[in-house]
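Notes follow once the structure below has been shown.
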4 protein chains.
Amino acid sequence: MLINRRSFMIQFGDCDPSGIVYNPRYFEWFDISLHALLARGDLRLRQMIEEFGIDGIPMVESRAKFLAPSRYGDEIVIETSVAKLHRCAFDLHHRLFNADTLAVEAFETRVWTVIDPQEGRIRARPLPAAVIARFSAAEPPS
Amino acid sequence: MLINRRSFMIQFGDCDPSGIVYNPRYFEWFDISLHALLARGDLRLRQMIEEFGIDGIPMVESRAKFLAPSRYGDEIVIETSVAKLHRCAFDLHHRLFNADTLAVEAFETRVWTVIDPQEGRIRARPLPAAVIARFSAAEPPS
Amino acid sequence: MLINRRSFMIQFGDCDPSGIVYNPRYFEWFDISLHALLARGDLRLRQMIEEFGIDGIPMVESRAKFLAPSRYGDEIVIETSVAKLHRCAFDLHHRLFNADTLAVEAFETRVWTVIDPQEGRIRARPLPAAVIARFSAAEPPS
Amino acid sequence: MLINRRSFMIQFGDCDPSGIVYNPRYFEWFDISLHALLARGDLRLRQMIEEFGIDGIPMVESRAKFLAPSRYGDEIVIETSVAKLHRCAFDLHHRLFNADTLAVEAFETRVWTVIDPQEGRIRARPLPAAVIARFSAAEPPS
């Protein structure tokens, strides 16, 4: 399955008066990791909207365990992979490492949605074969 | 159990290029709702740190279901309650309503932590009776 | 000229490890105040885009003086007014009060922009008379 | 004078429903650039607080011109330099480039502040010689 790693340093402004990462920042970072994973599979949201006529890939569910706090200046690696493919959705698995410590582990489910042209409503639709192929790739296309 | 409701309007800057709420914003709002709930129980983090010697009440787990998207200008109500008391932790339950629709439902677990003076390590400690009493109140103290 | 006041409490997550407001938050608050001012004049960005065919009202210049720090729990009032009308732009004046102290004072200039249908380029255009009338109102329409 | 360049890609969540960068994000990026500049001069805020007894280096003034909009996926370079040294303060100059275009130019003034031990008040103090030396370096120390 498609996988991506990215690394960055925690910024001063990512932290709250307790001196640890302000919790919602983790979800920003996982969102950035989703887009980086898509790019690794040569997928970009703007192109996906044009090519597949989707409205987006909204998150419908998330679960996270915060195992250790992180602080300003810490070097972080987030490893994000496609964990499971559903008919109209996919699961992502994020593992955030602070040095060698698994500090946060999260799962999220995102749905492949289109705007129904007749009803004007947002509806889940099956993942296209081309997207399944890219998500299933053991290695990103070179 | 202690409960609080707060209402606000979704701002332009809360939304992403898809026109819907940028997902991490929900977690900011739930964090604000936690502090509002504490205040409802006449508890404030700064005072809790001084009074009980805690290091903080870090989130160790979260789960959320995003049932419907919300947009700029939508009027939101978040209802937050203490869902369960553990020995050294407590669960919160957030329900975010957009008009009459339950749009997001989330649970989180927060741990009562102190800095061990001898080891210098952060450790979970039992919730004080005074805090249990306030969390258990059917009605906030008047 | 059109004026609006709004009040709110500074949140825990608005502050950085120094314990004071993380500076970029002020600019979020001024952006929210812009939208609140527009609403006071019965103007909303989405409607302005449809009614006047604008692409937006991007900020082209800002100036701010930070006179006193603010902290978690402080009660804030932001007073925002239209300070000056230009041909294709307008200036806003924000005054942020912490209790009775003027803590931040800021000015910004925003441009009335449309997408030129022939060139596909974003261009400044004169403020419509209807918008000038609303910005010039001593009192908001009742 | 000390100078630093850093580059990054604009993220989806950095943009608002207009599809352009949500304005306050620029100020987050300039704050990150300040810290990166300090690190380039082998200065880190936590160490500066310990070594020099400062309370912080709060921003007291900012000015910015937004010359061109930027969008999701754009590759950005921010060049930040110490523009001027005052007795108790220093000015930074940020230039944000989108490809070859100067998209945002900003100046900010930050004050060297300590907590007066007798009065308990925050006061501006002269920049230490060691800090002036590092800020004045044509090249960062190797």
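The values are calculated or read from the model by the stated rules, or taken from the named source; none is laboratory data. Model, not experiment: these values are computed from the prediction. Note: ideal-geometry Cβ built from the backbone for every residue, glycine included; neighbour counts use all protein chains shown. To get the accessible areas, we keep the full protein, side chains included, count just its heavy atoms, and leave off ligands, DNA and RNA. Shrake-Rupley method; radii C 1.70, N 1.55, O 1.52, S 1.80 Å.
Can you tell me which residue within region C:124-142, out of those that are closer than 29 Å to C:R25 by Cα and touching an Asp or Glu at 6+ places or on another chain (Cβ under 8 Å), is surrounded by the most Cβ atoms within 10 Å (Cβ to Cβ)?
Among them, the one singled out is C:R134.
Collect the residues in region C:95-112 that are under 18 Å from D:A64 (Cβ atoms) and among the β-branched types (V, I, T), keeping them in residue-number order.
If the condition is that a residue be under 18 Å from D:A64 (Cβ atoms) and among the β-branched types (V, I, T), then C:V104, C:T109, C:V111 are the ones that fit.
Give me a count of the residues in region C:1-23 that are buried (at least 20 other Cβ atoms within 10 Å of the Cβ) and either part of a loop (DSSP other than H, G, I, E, B) or under 17 Å from the mean Cα position of the chain (by Cα) (or both).
5
Can you tell me which of A:R44, A:R95, A:R40 is open to solvent by 50 Å² or more (accessible area, probe 1.4 Å), more than 25 Å from B:A106 (Cβ to Cβ) and without any contact (Cβ under 8 Å) to a residue 24 or more places away in the chain? Don't jump to the end; show me each part of the working.
Working: A:R95 fails: more than 25 Å from B:A106 (Cβ to Cβ); A:R40 fails: without any contact (Cβ under 8 Å) to a residue 24 or more places away in the chain.
Exactly one residue qualifies, and that residue is A:R44.
Does C:P69 satisfy the criteria of being under 14 Å from the mean Cα position of the chain (by Cα) and within 17 Å of C:A106 (Cα to Cα)?
Judged against the criteria, C:P69 is not a match.
From the set of residues in region A:72-92 that are at pLDDT 95 or above and under 24 Å from D:R46 (Cα atoms), which is least open to solvent (accessible area, probe 1.4 Å)?
Out of the qualifying residues, it is A:I76.
Within 14 Å of the chain's Cα centre (by Cα), basic (K, R) and more than 9 Å from chain B (Cβ to nearest Cβ): does that describe A:R63?
no
Take region B:13-44 and flag every residue that is touching a His at 6+ places or on another chain (Cβ under 7 Å) and either modelled with pLDDT under 95 or small (G, A, S) (or both).
The one that is touching a His at 6+ places or on another chain (Cβ under 7 Å) and either modelled with pLDDT under 95 or small (G, A, S) (or both): B:S33.
Regarding B:S62, is this residue assigned to a strand (DSSP E or B) and either surrounded by fewer than 19 Cβ atoms within 10 Å (Cβ to Cβ) or in contact (Cβ under 8 Å) with a residue 40 or more places away in the chain (or both)? Break it down into steps so the answer makes sense when it comes.
Details: assigned to a strand (DSSP E or B): yes; either surrounded by fewer than 19 Cβ atoms within 10 Å (Cβ to Cβ) or in contact (Cβ under 8 Å) with a residue 40 or more places away in the chain (or both): yes.
Here the answer is yes, as B:S62 does meet what is asked.
In the list C:A106, C:A89, which residue meets the criterion of being over 21 Å from C:G13 (Cβ atoms) and either without any contact (Cβ under 8 Å) to a residue 12 or more places away in the chain or touching a helix residue (DSSP H, G or I) at 6+ places or on another chain (Cβ under 7 Å) (or both)?
Among C:A106, C:A89, only C:A106 is over 21 Å from C:G13 (Cβ atoms) and either without any contact (Cβ under 8 Å) to a residue 12 or more places away in the chain or touching a helix residue (DSSP H, G or I) at 6+ places or on another chain (Cβ under 7 Å) (or both).
Among the residues of region B:24-46, which ones are in a helix (DSSP H, G or I) and aliphatic (A, V, I, L, M)?
Listed by number, the residues that qualify are B:I32, B:L34, B:A36, B:L37, B:L38, B:A39, B:L45.
Mind listing whichever residues of region A:28-46 are within 12 Å of chain B (Cβ to nearest Cβ) and over 9 Å from the mean Cα position of the chain (by Cα)?
A:E28, A:L45, A:R46
Out of curiosity, is C:D55 facing another protein chain (nearest Cβ under 10 Å), of a type in the set (D, E) and under 29 Å from A:D14 (Cβ atoms)?
Values: facing another protein chain (nearest Cβ under 10 Å): yes; of a type in the set (D, E): yes; under 29 Å from A:D14 (Cβ atoms): no.
No, not satisfied.
Scan region D:1-33 for residues that are of a type in the set (S, T, Y) and either in contact with a Cys (Cβ under 7 Å, 6 or more places away or on another chain) or over 20 Å from C:L45 (Cα atoms) (or both) and jot them down.
D:S7, D:Y22, D:Y26, D:S33
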